[in-house]
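Asks: Quick one: the structure is below, and I'll ask about it shortly.
The values are calculated or read from the model by the stated rules, or taken from the named source; none is laboratory data. Every value quoted in this text rests on a predicted model; they were computed, and no experiment measured them. Counting neighbours? That spans all protein chains shown, and the Cβs are built from the backbone with ideal geometry, glycine included. When the accessible area is computed, the model is the full protein with side chains, heavy atoms only, and any ligands, DNA or RNA have been set aside. Shrake-Rupley method; radii C 1.70, N 1.55, O 1.52, S 1.80 Å.
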Amino acid sequence: MQVYNPFKAEIRQEIVEKAEPIIKTTAHDDLNQKLNIKEEYYDNNITYKEITEEFTGKALDLINLLIQKDVELDVAKEIVRNACGLEMDSNKLDLKHFTYRESLIEGIEKSFIFKGDIFKDSNRRKVVAFLGPTGVGKTTNLFKVASKLILEENKKVAVVSIDTFKAGAGDQARSYCNILGIPFQILSDPKKLREAVDDLDFVDVILIDTVGRSHYDHWKLGEIKETLRLIDEIEYMMVVSCNWKNKESYNLIQEYRKFFNINYLFFTKIDETAYPGTILNLAYKTKLPLTYISTGQNVPEDLKIITPERLASYLLMENE
């Protein structure tokens, strides 16, 4: 039985109050718009006949639904294929389940890698660096993770920032750490960073906040890599915004992969788009595991684990 802790409740309230002016999000007005899945919408280079050669019945409608949500055709076909059985009369694939939701859950579960809460069952100290360009919400969501670990999982957490470039970045991070009562340091020297990580052997998790850099600025990405090079046990969390275009999001990950061995995908700003296909497209193309998703500005309530059920809800525009 979980015991009420007034100290934690007080911390949580302070986080919510102080985070509000720091975090700014805008939601699209059309989030409640429902899909018309009967509409046949495909890319100009794709004919409806090509799809009907393999699929029939409700499977075609589900592919159409996914395409309308900005899921690329090859990804949509893979998801639906994993939720289908052979329809004997037509000798084509059709959905095995009665509802689209059940079909999506099965298809998504079979198509992607889900890591869940990467900190929950770890029996060793984890050091995780958050990577991504400016504006995707790295720092804010790093502290959502920190808050969740402290308030809900009783983990000992420390935060180290290597962002010595963005004005006010250190103040924002220090403010969060003061609220949570956890260690915080700003370091840009590789040797001092290694020493700091070694000195923090009493914590369960070290979260490293990196400076936001364009994926096309290889020089700056090389600087981040150089700063982190002595941390052998480090893991990399790639932070991606759901409202980025598919091609640019893919380029982002591919360029960062030239410098970092990315371990996980973390998606932000799902509340700012009605077209969450980017999540599925990137997970399919990169084969990287899915972990967390940010659903709003509340800390840490709006941090969720990515699951097949949750992705199905986003695609069907169900309230999350």
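Asks: Can you confirm whether segment 155-171 contains a residue that is crowded, with 18+ Cβ neighbours inside 10 Å, of a type in the set (Val, Ile, Thr) and within 20 Å of Thr295 (Cα to Cα)?
Replies: The answer is no, given that none of the residues of segment 155-171 is crowded, with 18+ Cβ neighbours inside 10 Å, of a type in the set (Val, Ile, Thr) and within 20 Å of Thr295 (Cα to Cα).
Asks: Filtering segment 264-275 down to residues that are within 12 Å of the chain's Cα centre (by Cα) and open to solvent by 10 Å² or more (accessible area, probe 1.4 Å), which residue is nearest to Ile234 (Cα to Cα)? Before the answer, list the steps.
Replies: Filtering segment 264-275 for residues within 12 Å of the chain's Cα centre (by Cα) gives 264-270.
Adding the requirement that they be open to solvent by 10 Å² or more (accessible area, probe 1.4 Å) leaves 264, 269-270.
On the way: Tyr264: 12, Lys269: 26, Ile270: 27 Å.
Residue satisfying both the conditions and the ranking: Tyr264.
Asks: Which of the following residues is surrounded by fewer than 22 Cβ atoms within 10 Å (Cβ to Cβ) and in contact (Cβ under 8 Å) with a residue 12 or more places away in the chain: Asp89, Asp70?
Replies: Working: Asp89 fails: in contact (Cβ under 8 Å) with a residue 12 or more places away in the chain.
Selected residue: Asp70, the only one of Asp89, Asp70 that is surrounded by fewer than 22 Cβ atoms within 10 Å (Cβ to Cβ) and in contact (Cβ under 8 Å) with a residue 12 or more places away in the chain.
Asks: Can you name the residue in segment 196-232 that is in contact with a helix residue (DSSP H, G or I) (Cβ under 7 Å, 6 or more places away or on another chain) and charged (D, E, K, R) and, of all such residues, is farthest from Lys126 (Cα to Cα)?
Replies: Only one residue tops the list, namely Arg213.
Asks: Oh, and also: Pull up segment 247-261, narrow it to residues that are aromatic (Phe, Trp, Tyr) and assigned to a loop (DSSP other than H, G, I, E, B), then point me to the one that is farthest from the chain's Cα centre (by Cα).
Replies: Of all residues in segment 247-261, those aromatic (Phe, Trp, Tyr) come to 250, 256, 259-260.
With assigned to a loop (DSSP other than H, G, I, E, B) added as a condition, the list becomes 259-260.
Working: Phe259: 20, Phe260: 17 Å.
The extreme case among them is Phe259.
Asks: Applying the selection to segment 203-236, what residues are in contact with a Lys or Arg (Cβ under 6 Å, 6 or more places away or on another chain), surrounded by fewer than 21 Cβ atoms within 10 Å (Cβ to Cβ), touching a residue at least 60 places away in the same chain (Cβ under 8 Å) and among the aliphatic types (A, V, I, L, M)?
Replies: Val203
Asks: Pairs please, first residue from segment 260-286 and on the phi > 0 side of the Ramachandran plot, second anywhere and open to solvent by less than 10 Å² (accessible area, probe 1.4 Å) and of a type in the set (Ser, Thr, Tyr), Cβ atoms under 9 Å, 6+ apart in sequence or on different chains.
Replies: Lys269/Ser241; Lys269/Ser294
Asks: Quick one: which helices (runs of 4 or more DSSP H) sit completely within segment 114-216 and have at least 2 residues that are more than 24 Å from the chain's Cα centre (by Cα) and under 19 Å from Leu228 (Cα atoms)? Explain how you work it out, then say what you get.
Replies: On the way: elements: 138-153, 169-180, 190-199.
Output list reads 190-199.
Asks: Scan Glu152, Glu195 and give me the residue that is farther than 21 Å from Val239 by Cα, among the charged types (D, E, K, R) and touching a residue at least 60 places away in the same chain (Cβ under 8 Å).
Replies: On the way: Glu195 fails: touching a residue at least 60 places away in the same chain (Cβ under 8 Å).
The unique qualifying residue is Glu152.
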